[in-house]
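The values are calculated or read from the model by the stated rules, or taken from the named source; none is laboratory data. As the structure is a prediction and not an experimental result, all values here were calculated from the model. Methodologically, a virtual Cβ is constructed for each residue, glycine included, from the backbone with ideal geometry; neighbour enumeration extends over all protein chains shown. What goes into the accessible areas is simple: the full protein's heavy atoms, side chains included, and nothing from ligands, DNA or RNA. Shrake-Rupley method; radii C 1.70, N 1.55, O 1.52, S 1.80 Å.
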Amino acid sequence: MFASHYVGTDLGFDAAQIIQTHIDDMFTRASGLLIAEYLRPALAQTRRCDETVLTILTPERHRIPVVVNARMHPRDEDCVCWTILRAEKRHKLHDALLRSHELLEKRANRLRKLASTDELTGLFNRREFLKRAGESLTFSAQNGTSVALVIADVDHFKRVNDTFGHDAGDDVLRELAHRLRHACRAGELLARYGGEEFSFCLEGLSLAAVRGFAQRMHQVASEVRAPDKPISISMGIGLHFDGTGKTLTQTLKEADDALYAAKQAGRNRTFILDGEKLITGT
Amino acid sequence: MSPTASDPLYRNAVKVHGTGARTLMFAHGFGCNQTMWRHLIPFLQDSNRLVLFDYTGFGASDADQFDRDRYAGLDGYVRDVIDICGALDLRDVTFVGHSVSSMIGLLAAIERPGLFRNLVMICPSPSFVNELPEYPGGFEREDLEELIELVDRNAPDWATYLAPIVMGAGNDPALTSELRDSFAGTDPGRARVFARATFLSDCRNILPQSPVPALLLQSLQDNLAAPGVGAYMHKKMPQSRLETLDTIGHCMHMASPARVADLINGFVQSQEI
């Protein structure tokens, strides 16, 4: 092996001894693995290898981070030209990059969570609900599965706010959100849709199961107090069954129309709308 | 409760294939995802129901739910497995784990008796660190830490560096490319967390607690788990059976799927009697 003066002065090898040394013996075991399994095959294939980070192990057992470029000699097939440069500063830069990457990731996660969460109830907010419900509908259209979108509205909520104040109104919403959330099962997604409205996206349920779901939620809501008396909710449901071509907006409009019909019919009930067909629910 | 994003079937992109009476749950190894099982599936799906998934943060899972603290140790991955079994109401199933997932499966089996009827461990290792002469993990701790660091420092090309080490020279280059693409598709930040959990955990002390029969499939040539590792596990684990295959590399389910499937089928059937 031939080596430049630098190998002696900067990499800690005795210039006289280096001639007896095999290149593999200059590196740590982990580096040796990378050289054997990656670098040498790459050299055989492309005749060059650029900017590989490895570790030199000096005769005094010091570890020195280095960057290695390797080239097959243009005329001598048995000869590889190695350029080995110390890389401490590059390591520091890499570490700094990693730290800032992790910091940014943490902040992005926090912002994503804030952007998708309703502050009062801790549920998903309307934006996140629309995003996820849209994904459900796309999946449903592709796979012929059923999705039902539900809008639930607290009956006479204005009376609670007017009589007991907004703090009491917030308490009712928090308590209701908590109970609805615990009553949900796998495949039932809940969000605060706005004001005193909540929304659900139900995946893979039959019409009978959707009715059962509505019953369950009416029961849960009746356990929340206003605080003078139990509250009730009205619900409207839009169906997206068997991969119908309805859009998210259309299905939500049906849920909204069904909710309006439930309110008109005297509240504390659920109506289901499937296209033109209004189905009285629970 | 918790109906929303934390639904493990959504979070872990769970897929179920086949309709057989026996359920096999497949757990991928470090840097991989459920597509790595595609070579094995054709040999098993006619007679079994197969449950596939991606650990949170990998493959088609909901990466937003990857939490560095939860997944810094193997416990987080054990939770994923237990959550999925709970959501699908799985009991008494055969758990097939590749590499680190062998240990994740064993930890879950100990924590939740009845979840698994038996375990299949493909190229398992309870620890990659030597404790010679008793245990030939393969690496001195210093070397292993450095290997993880070097692979990391060679980002963005880390996949190119690690894939040939894991796959082993001598296999079809297309398999190394497939593994490299899988690694490359993994976010380096999450890969770093999983790499440390994978390569720096020591599960040797739980081997004697293995509550169910286990089939250990060991490769004769494996950069990450030498034959001595299989022999050690077999000695420590009650009800274990060791099969050493003359395969190369750490991914025998990709390199020799027919033979691996035969051994799994034979093992599963022998347990039915």
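Just a few scattered comments:
- Inter-label distance for A:Thr280 and B:Glu131, nm, one decimal - labels placed 7 Å from Cα along Cα-to-Cβ: 7.3
- Each principal axis of the Cα cloud of the stretch A:229-282 was taken in turn, and the coordinate range along them, longest first, works out to 42, 17, 16 Å.
- Each DSSP beta bridge with both residues in the protein assembly as shown is either parallel or antiparallel, and the antiparallel ones are about 60%.
- Protein accessible surface hidden between A and B, which excludes ligands and nucleic acids, total in Å², probe 1.4 Å: 3000
- Listed values for the stretch B:118-129 are Karplus-derived 3J(HN,Hα) couplings in whole Hz (6.51 cos²θ - 1.76 cosθ + 1.60, θ = phi - 60°), namely 7, 10, 10, 10, 9, 6, x, 8, x, 6, 8, 9, and x replaces Gly and Pro.
- Considering only GluC sites (Glu not before Pro) in DSSP loops that have at most 15 other Cβ atoms within 10 Å, the longest stretch of chain A without any of them is A:120-222.
- log₁₀ of I(q)/I(0) at q = 0.11, 0.13 Å⁻¹ - the protein assembly as shown, Debye sum with one point per alpha carbon: -1.03, -1.23
- Extension gain for the segment B:Ala169 to B:Thr244, taken as residue separation times 0.36 nm less the Cα-Cα distance, is 25.2 nm to one decimal.
- Nonpolar atom fraction for chain A, defined as the carbon and sulfur part of the 1.4 Å probe accessible area, stands at 52 percent.
- Rh by Kirkwood over Cα pairs, then Stokes-Einstein D for the stretch A:4-158 at 0.890 mPa s and 25 °C, µm²/s: 115
- Comparing A:Ile279, A:Gly187, A:Thr138 along the charge dipole axis of the stretch A:117-280, the residue lying farthest to the positive side is A:Ile279, per the Cβ-charge model.
- Computed from label points 7 Å out along Cα-Cβ, the spacing between A:Asp257 and B:Lys15 is 3.9 nm.
- Taking a sphere under 11 Å around the Cβ of B:Thr247 and counting the other residues whose Cβ falls inside, with K and R at +1 and D and E at -1, yields a net charge of -2.
- Computed over the stretch A:56-124, the alpha-carbon pair-distance distribution with 10 angstrom bins reads 16, 21, 20, 16, 13, 10, 4, 1, each value a whole percent.
- Entry comment: accessible area of chain B is 36 Å² per residue, from protein heavy atoms only and a probe of 1.4 Å.
- Simple point charges give the picture: +1 on the Cβ of Lys and Arg, -1 on the Cβ of Asp and Glu, and for the stretch B:8-272 a dipole about the Cα centre of about 720 debye.
- Extended-chain gain in nm, criterion 0.36 nm per residue less alpha-carbon gap, B:Asp67 and B:Gln45: 4.6 nm
- Each 10 Å bin, from zero up to the one with the longest distance, holds this percent of the alpha carbon pairs of the stretch A:5-91: 17, 51, 30, 2.
- Rounded to the nearest 20, the size of the Cβ-charge dipole of chain A about its Cα centre is 300 debye, with Lys and Arg at +1 and Asp and Glu at -1.
- Rounded accessible area per residue of chain A, 1.4 Å, Å²: 54
- For chain B, the spread of Cα positions along the three principal axes, ordered from largest to smallest, is 44, 42, 36 Å.
- Taking each of A:Lys106/A:Lys131; A:Lys158/A:Lys277; A:Lys246/A:Lys277; A:Lys106/B:Lys15; A:Lys131/A:Lys246 in turn, the alpha-carbon distance tops 20 angstrom for A:Lys106/A:Lys131; A:Lys158/A:Lys277; A:Lys106/B:Lys15.
- Measure of compaction for the stretch A:183-247 (Cα Rg per 2.2 N^0.38 Å): 1.25
- Segment A:Thr138-A:Arg61, length gained on full extension (0.36 nm per residue, minus Cα span): 21.7 nm
- Cα-based convex hull volume of the stretch A:117-280 per residue, rounded to whole Å³: 96
- Computed helical MRE - 222 nm, chain A, DSSP H runs ≥ 4 contributing -39500 (n - 2.57), nearest 500: -14000 deg cm²/dmol
- The amide H of B:Gly137, built 1.01 Å from its N in the peptide plane, has B:Asn130, B:Glu131 as neighbours under 5 Å, considering only residues 5 or more places off or on other chains.
- A:His178 sits among other residues whose Cβ lies under 14 Å from its own Cβ, and their net charge, with Lys and Arg +1 and Asp and Glu -1, is 0.
- Karplus 3J(HN,Hα) series, Hz, for the stretch A:270-280 with 6.51 cos²θ - 1.76 cosθ + 1.60 (x for Gly, Pro): 10, 10, 10, 10, 10, x, 7, 8, 9, 10, 6
- Built amide H within the under 5 Å cut-off of B:Arg22, gap 5+: B:Arg49
- Rh (Kirkwood; distinct C-alpha pairs) - chain A, Å: 24.3
- DSSP beta bridges fully contained in the stretch B:8-272 are about 15 percent antiparallel.
- Here is the P(r) of the stretch B:9-72: all C-alpha pair distances, binned every 10 Å from 0, give 22, 48, 23, 7 in whole percents.
- Remark on B:Ala214: its backbone amide H falls under 5 Å from those of B:Leu119, B:Ser240, B:Arg241, a criterion applied only to residues 5 or more positions apart or on other chains, H modelled at 1.01 Å from N.
- Calculated [θ] (222 nm, deg cm²/dmol) that DSSP helices of n ≥ 4 give over chain B, each run adding -39,500 (n - 2.57): -12500 deg cm²/dmol
- Carbon plus sulfur fraction of accessible area for the stretch B:8-272, probe 1.4 Å, in percent: 49
- Note on A:Ala44 and A:Asp228: their simple-model spin labels are 8.7 nm apart, each label 7 Å out from Cα toward Cβ.
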